[in-house]
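Chemist: Attaching a single structure in structure tokens format; questions to follow.
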Amino acid sequence: MPEKLIMREKEAPVLHKKIARASFLVYLTIMGAVVARAQEAAPAIHPVPRAITASGGGDEAERGQTPVLQHRKSRYQLHSSDVLELSFPFTPEFNQAVTIQPDGYITLRGVESIKVDGKTIPELVDLLRSTYAKILHDPVINVELKDFEKPYFIVGGEVGHPGKFDLRGDTSVAQAVAIAGGLNASAKHSQILVFHRVPDGWMQVKKVNLKKMLKEANLEEDAQLQAGDFLFVPKNTFSKIERFIPTSSVGMYTNPVLH
């Protein structure tokens, strides 16, 4: 056999391997380009946070949203008609007793009036010190709450005994419904509304899916009430409601009977 033919037969397997390797590299290059183009064309999917708003009922709860729970053991927040006694140990001439006016302000001796509703006692002390620092050097001020409105909550709508109840210790939405006589047969307990007053004449609204919590025998997501909260159990579905509404608009939903 000619020597050239023998050399070609020996080189054939090597040549086949090189061709196969080159073909595989070309295949990887093409597939890489296809995958990159597909990724560029695919829409970005953003994860949905578990708690986006302060609502936890209806469709929102089914999509994984949960109500924003309130902190337990929170400090008392001042309201109108509360009576405060201010004492100045080193400047007793500024001692005074003040009553929070309906607009949330108190009138002070020697300085301008300040807005105090919604504040806790420690927050009020800090505010008083900064206010009196304009006329006193490093003032020391003690504040005592002499008289105040007892904490309460209101339940209205499709419950056995709608009305006003004392808020004694930690009380959740489920417990408040039970205190108010339980749910009526016509209650829409998947969309219970909790109205909480916030400054500047607005109310914060939360939706609580009590139906889902009872069905799953899990009350971990049960929201805690705060003093002055208004809980309303609707008969019809409120599928859409703003998180914040004017205080005057609450009357459009119900007019609870107080006792």
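Chemist: Could you tell me which GluC sites (Glu not before Pro) in region 146-217 are loop residues by DSSP with no more than 13 other beta carbons within 10 angstrom of their beta carbon? Don't jump to the answer; show the numbers that get you there.
Modeler: Numbers: sites: E149, E158, E216; in loops: E149, E158, E216.
Listed in order of number, the matching sites are E149, E216.
Chemist: Roughly how many percent of the accessible protein surface of region 113-191 is carbon and sulfur, given a 1.4 Å probe and a whole-percent answer?
Modeler: Details: 1930 of 4040 Å².
The nonpolar share, carbon plus sulfur, comes to 48 percent.
Chemist: Which cross-chain or sequence-distant (5 or more) residues have an amide H under 5 Å from the amide H of Y105, H modelled 1.01 Å from N in plane?
Modeler: Residues meeting the criterion, in which the H sits 1.01 Å from N, are V116.
Chemist: Next up: Going through the cross-link list K119/K215; K119/K212; K115/K150; K119/K235, which pairs have a Cα-Cα distance over 29 Å in this structure?
Modeler: Details: K119/K215 38 Å; K119/K212 35 Å; K115/K150 21 Å; K119/K235 35 Å.
Over 29 Å apart, Cα to Cα: K119/K215; K119/K212; K119/K235.
Chemist: Could you please report the charge total around A180, scoring K, R as +1 and D, E as -1 over all other residues with beta-carbon less than 12 angstrom from its beta-carbon?
Modeler: Residues close to A180 contribute a combined charge of 0.
Chemist: Another question about this same structure. log₁₀ I(q)/I(0) of region 104-246 at q = 0.13, 0.14, 0.15 Å⁻¹, via Debye over equal Cα point scatterers, no solvent, to two decimals?
Modeler: -0.69, -0.75, -0.81
The values are calculated or read from the model by the stated rules, or taken from the named source; none is laboratory data. Keep in mind that what you see is a predicted model, and the values were worked out from it rather than measured. A quick note on method: Cβ atoms are made from the backbone with ideal geometry, for glycine too, and the neighbour counts reach across all protein chains shown. Only protein heavy atoms, including side chains, enter the accessible area calculation; ligands, DNA and RNA are left aside. Shrake-Rupley method; radii C 1.70, N 1.55, O 1.52, S 1.80 Å.
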